[in-house]
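Novice: Attaching a single structure in structure tokens format; questions to follow.
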Amino acid sequence: MKIPSNQLTPRKKPKSNLVGKRIQQSPIFVDLMTLAIGLSVVLFYWSLNPIAFSQLSSPVLNSSSKNSLTISISNPTKIIHELVGKYITISANLNYLRSDKTLENSTKDGIAYISIVDVKDKIPVDLEDWSVEKGLYIPSISAGQSLPLEWNVRLVKAGSYTISVLFNENRNPFSDPIVSSRINLEVLPKLNLNPSNVLLVAFGVPSLLIGFLGALNYLRGRKTGVYR
């Protein structure tokens, strides 16, 4: 009795079923692949944006101390028009805002200073001749406190300028300063009708000559009998 050849040959299982069965039996492989893809995406983003990750780990930028300090210019007008040689007063307020995370005995110190920028030349102005008080040292400001600040500025040169007030905290000397809003300053040239005292020479010398000639004429007229 012969056995059919198709009964002796074992049936081959489909390859797709074997692959699916192997994947189902290896969930760790799927997790590793997902983790590798995620790390690749993170490293790629890190290579494009290294500053963003450094800012997340920076204690200075994550702290709320920078946002708790504000400085504002309290001048009544945002545009000042004045002549050369005049004095103006720049007033500002340094505020230490209280928050839920602020300690009761928390204090800060630093330096507040003004900045004057020439709009035309786009350069900061040297304050040597403009203001004697360039920077004001703040030894201590407590939470919830507001300190008034004031600078006397002498207008040296005509032109258009912007003025702002800045504050640097001593605890974080390398952090960005706190900057107030800007005010515009228009310094007008001084109208001088007598530059270098030329009017004294222009009117004085002719007046002296006229007086001298008039005196000579009078004396000569007395001698000749014209003036008695």
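The values are calculated or read from the model by the stated rules, or taken from the named source; none is laboratory data. Note that this is a predicted model, so its numbers are computed, not measured. Every residue, glycine among them, receives a Cβ derived from its backbone with ideal geometry; neighbour counts consider all protein chains shown. SASA here: full protein model, heavy atoms, side chains in, ligands and nucleic acids out. Shrake-Rupley method; radii C 1.70, N 1.55, O 1.52, S 1.80 Å.
Novice: Going by what's in this entry, would Glu82 be described as open to solvent by 30 Å² or more (accessible area, probe 1.4 Å) and at pLDDT 80 or above?
Specialist: yes
Novice: A follow-up question, please. Please name all residue pairs, on different chains or six or more residues apart, with Cβ atoms under 8 Å, provided the first residue is in segment 146-157 and is of a type in the set (Asp, Glu) and the second residue is surrounded by 12 or more Cβ atoms within 10 Å (Cβ to Cβ).
Specialist: Glu150/Ile90; Glu150/Ser91; Glu150/Ala92
Novice: With Val165, Val153, Val117 as the choices, which residue is assigned to a strand (DSSP E or B), β-branched (Val, Ile, Thr) and under 16 Å from Asn95 (Cβ atoms)?
Specialist: Answer to the check: Val165.
Novice: For segment 66-79, how many residues are closer than 19 Å to Pro177 by Cβ and open to solvent by 20 Å² or more (accessible area, probe 1.4 Å)?
Specialist: 5
Novice: What tally of residues in segment 85-97 results from selecting those that are in a loop (DSSP other than H, G, I, E, B) and open to solvent by 60 Å² or more (accessible area, probe 1.4 Å)? Please lay out each step first, then the result.
Specialist: Filtering segment 85-97 for residues in a loop (DSSP other than H, G, I, E, B) gives 85-86, 97.
Subset that is open to solvent by 60 Å² or more (accessible area, probe 1.4 Å): 86, 97.
Qualifying residue count, segment 85-97: 2.
Novice: Oh, and also: Looking at segment 106-135, which of its residues are under 17 Å from the mean Cα position of the chain (by Cα), open to solvent by 30 Å² or more (accessible area, probe 1.4 Å) and over 21 Å from Ile80 (Cα atoms)?
Specialist: Listed by number, the residues that qualify are Ile111, Gly135.
Novice: Can you pull out every residue in segment 53-74 that is modelled with pLDDT of 85 or more and either in contact with a His (Cβ under 8 Å, 6 or more places away or on another chain) or farther than 20 Å from Arg171 by Cβ (or both)?
Specialist: Ser72, Ile73, Ser74 - these are the residues of segment 53-74 that are modelled with pLDDT of 85 or more and either in contact with a His (Cβ under 8 Å, 6 or more places away or on another chain) or farther than 20 Å from Arg171 by Cβ (or both).
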